[in-house]
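The values are calculated or read from the model by the stated rules, or taken from the named source; none is laboratory data. These numbers come from a predicted model, not from an experiment. Don't worry about glycine lacking a Cβ; one is built from the backbone with ideal geometry, like all the others, and counts go over all protein chains shown. Protein only, heavy atoms only, side chains kept; ligands, DNA and RNA dropped before computing areas. Shrake-Rupley method; radii C 1.70, N 1.55, O 1.52, S 1.80 Å.
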Amino acid sequence: MKLTVHGCRGSVPTPSPYTAKYGSHTTCFELRFNGYQIIFDTGSGFQNLILADSTVEKLILYSHFHHDHIQGLPFNADLFDHDHSITFSSALASGYHLRQTLKSYFSKEYFPIDMVSKLSHVLFADISLLKAWAKPDFHLEWIALEHPGGCFGYRISHGQKMFCYLCDNEFHDTQLDAIMDFIKGADMVIWDGMFTGQELADKTGWGHSSIEQGIVVFNNSDISAMIITHHAPLRLDHMLDNLQSLLPEGVQFAKDQLSVLI
Ligand SMILES: [Zn+2]
Ligand SMILES: [Zn+2]
């Protein structure tokens, strides 16, 4: 499996010389393996993603529909190439409601064109259909996360490899067993570490976790690697550099255009 980070910023794109190292694009992750291209969320980083050719099965999985997870969708020119058949799905909504949600966000009050009408080649699928669609080399599971309006995390297994995407989650001790069970044996876990532990004290109900909570989960699990993402908009490069000393081996901060083999 190859993972590429296209957007690691939380809430809003933050272009500036002070965020150039880790990146300014909102959430978008890409996983490639054995004829599959799985895209997690379409924040502003989605505009830089190259959709694979027609021999590759392409799937966009939405964790939820906050603007920083969908805002990049119309800015990827490949998406409007009708040779690119592609499936959109989310555990948070039926295929119908996913389509309706994107249609209302990208409609004339907020956006110049009715974008979804240009996507007749896109299949908006109920996630239960993807279970049936799953092949021996592709297994998809999901888990409800703690986030205003709801959010889901995903687990993709392929052969001996396992990848977990847990973005936009306010971690509570009550989730501990379920999360530990979900990520057990994972080769890579994406973790929402928008806040530091100190900041988190004032951010109850915002729907995000801390860097330190990610480290505790990593240290108490058998997972091989973790990428901490959804960096707060005010988290400048030098602050992330200073926080590096907290990270145990196997844990790193997400960076736009970072690619890792899993
Ligand atoms: Zn977010
Ligand atoms: Zn959110």
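Return a single number: how many Lys pairs in the stretch 2-261, at a sequence separation of 8 or more or on separate chains, have alpha-carbon atoms below 16 angstrom apart.
10
Given a 1.4 angstrom probe, I'd like the percentage of the accessible area of the stretch 2-261 that is carbon and sulfur, rounded to a whole number.
After summing per-atom areas, the C and S share lands at 54 percent.
In the Gaussian network model of the chain, springs joining C-alpha atoms below 10 Å, which of Lys58, Lys135, Lys21 carries the largest mean-square fluctuation?
Maximum among the listed residues: Lys135.
Need one number: % antiparallel among DSSP beta bridges in the stretch 1-93, to the nearest 5.
Bridges in the stretch 1-93 are about 50 percent antiparallel.
At R0 = 41 Å, how high is the FRET efficiency between Lys118 and Arg32 if r is their beta carbon distance? Nearest 0.05 is fine.
Approximately 0.95, to the nearest 0.05.
Compute the accessible area per residue over the chain, keeping the other protein chains in place, probe 1.4 Å, unit Å².
That works out to 43 Å² for each residue.
If you take the beta carbon distance between Lys135 and Asp222 as r and set R0 to 30 Å, what does 1/(1 + (r/R0)^6) give as a FRET efficiency, to the nearest 0.05?
0.70
Count charges around Thr42 for me, please; just the other residues with Cβ under 13 Å from its Cβ, Lys/Arg as +1, Asp/Glu as -1.
-3
Which order do you get for Arg155, Arg9 if you rank them by accessible area with a 1.4 Å probe, largest at the top? Could the numbers behind the result be given before it?
Working: Arg155 50, Arg9 0 Å².
Order by accessible area, largest first: Arg155, Arg9.
So, counting K/R as plus one and D/E as minus one, what does the shell of residues with Cβ under 12 Å around Glu141 add up to?
Counting the neighbours of Glu141, the net charge comes to +2.
Using the alpha-carbon atoms, what tilt in degrees (0 to 90, nearest 10) does helix 95-105 show relative to the longest principal axis of the chain?
80
With charges set only on the Cβ (+1 for Lys and Arg, -1 for Asp and Glu), what does the dipole of the stretch 2-261 come to about its Cα centre, in debye to the nearest 20?
The dipole magnitude comes to about 500 debye.
Round to the nearest 0.05 the FRET efficiency obtained for Tyr110 and Tyr18 when R0 = 25 Å and r is the Cβ-Cβ distance.
The pair Tyr110/Tyr18 has a calculated efficiency of 0.30.
Springs between alpha-carbon pairs under 10 angstrom, Gaussian network model over the chain: which of Met194, Met226, Met115 fluctuates most?
Top of the fluctuation ranking is Met115.
Just subtract the alpha-carbon distance of Asp81 and Lys203 from 0.36 nm times their residue separation and send over the number in nm, one decimal.
Taking 0.36 nm per residue and subtracting the Cα distance, the gain is 39.8 nm.
Placing +1 at every Lys and Arg Cβ and -1 at every Asp and Glu Cβ, with all other atoms neutral, what dipole size does the stretch 145-248 have around its Cα centre, in debye to the nearest 20? Walk me through the intermediate numbers first.
Values: 5 positive and 14 negative charges, 59 e Å.
With Lys and Arg at +1 and Asp and Glu at -1, about 280 debye.
Hey, any idea what Rg/Rh is for the stretch 2-261, computing Rh the Kirkwood way over Cα pairs?
We get a ratio of 0.94 for the stretch 2-261.
Could you tell me the distance between the Cα centroids of the stretch 166-201 and the stretch 36-114, to the nearest Å?
The stretch 166-201 and the stretch 36-114 have Cα centres spaced 25 Å from each other.
Cα gyration tensor of the stretch 206-249, axes a ≥ b ≥ c as square roots of the eigenvalues: rounded (a/c below 1.5), prolate (a/b > b/c) or oblate? Intermediate values should be presented prior to the final figure.
On the way: a/c = 2.47, a/b = 1.44, b/c = 1.71.
Since a/c reaches 1.5 but b/c is at least a/b, the shape of the stretch 206-249 is classed as oblate.
Which of Pro74, Pro13, Pro136 ends up with the largest GNM mean-square fluctuation for the chain, with Cα atoms connected below 10 Å?
Pro136
Which ³J(HN,Hα) values, rounded to whole Hz and listed in residue order, are derived for the stretch 137-144 from phi using the Karplus coefficients 6.51, -1.76 and 1.60 in 6.51 cos²θ - 1.76 cosθ + 1.60 with θ = phi - 60°, glycine and proline given as x?
9, 8, 10, 10, 10, 9, 9, 6
Using a 10 Å cut-off on Cβ atoms, rank the peptides 99-107, 198-206 from the highest mean neighbour count down.
Descending mean neighbour count gives 99-107, 198-206.
To check you understand DSSP bridge types, tell me what percent of the beta bridges within the chain (both residues inside) are antiparallel, rounded to 5.
45
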